[in-house]
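Let me begin by presenting the structure, written as structure tokens, before commenting on it.
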Amino acid sequence: RLVLTDALARAGEEKATHIVDIATLTGACVRALGTAVAGILGRSPELVQAVIRSGENHGELIWELPLVEEYREMLKTPYADINNVGGKVAGTITAGLFLREFVPEGVAWA
């Protein structure tokens, strides 16, 4: 997860306009959706839908999960600017919220 944040920040430095990251950040997504469906989170509805459609065109099931702002509280810590793990619940969503912190403003991300 930490290496991915470096890549997200670097993509911004390279003036990327769109970023699609695909990773196995947590087992929570498999527990929620099983092994036949991938989860997707992002702040660009158009890009998220493009990835979902691409999956459909290739026989891959992808389900959008929400970035629940209230869960951002789970990433607070007195020891750093942000914690990279949110706790025992909503692991996929908190992982997405964590990654979003490193995506430059104005960059479409899914």
Check your understanding: Only one of these conditions is not met by CYS29: (1) outside any loop (DSSP other than H, G, I, E, B); (2) modelled with pLDDT of 95 or more. Which number is it?
Key -> (2)
Check your understanding: Among the residues of the range 71-92, is any closer than 17 Å to ALA23 by Cβ and in a helix (DSSP H, G or I)?
Key -> yes
Practice item. Could you tell me which numbered condition ASN57 fails, if it satisfies all but one of (1) touching a strand residue (DSSP E or B) at 6+ places or on another chain (Cβ under 8 Å); (2) without any contact (Cβ under 8 Å) to a residue 60 or more places away in the chain; (3) closer than 19 Å to ALA110 by Cβ? Key: (1)
**Study point:** When residues of the range 60-110 are limited to those that are free of Cβ contacts under 8 Å to residues at least 40 places away in the same chain and of a type in the set (Ser, Thr, Tyr), the one surrounded by the most Cβ atoms within 10 Å (Cβ to Cβ)
**Key:** THR94
Exercise for review: Might you check whether a residue that is assigned to a loop (DSSP other than H, G, I, E, B) and closer than 20 Å to VAL85 by Cα occurs anywhere in the range 42-59?
Suggested key: yes
**Study point:** Answer from LEU61, LEU67 - the residue that is at pLDDT 95 or above, over 16 Å from the mean Cα position of the chain (by Cα) and of a type outside the set (D, E, K, R)
**Key:** LEU61
Study note, to complete from the structure: ALA9 passes all but one of the listed conditions (1) under 16 Å from PRO104 (Cβ atoms); (2) aliphatic (A, V, I, L, M); (3) within 13 Å of the chain's Cα centre (by Cα); the exception is number (3)
Exercise for review: Kindly provide the set of residues from the range 14-25 that are modelled with pLDDT under 95 and either small (Gly, Ala, Ser) or exposed (fewer than 12 other Cβ atoms within 10 Å of the Cβ) (or both), ordered by number.
Suggested key: ILE22, ALA23, THR24
Practice item. Tell me which of these ALA7 doesn't satisfy, since it passes every other one: (1) farther than 20 Å from VAL89 by Cβ; (2) not in a helix (DSSP H, G or I). Key: (2)
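The values are calculated or read from the model by the stated rules, or taken from the named source; none is laboratory data. On a predicted model such as this, the values are computed, not experimentally measured, just so you know. Note that we place each Cβ from the backbone using ideal geometry, even for glycine, and neighbour counts take in every protein chain shown.
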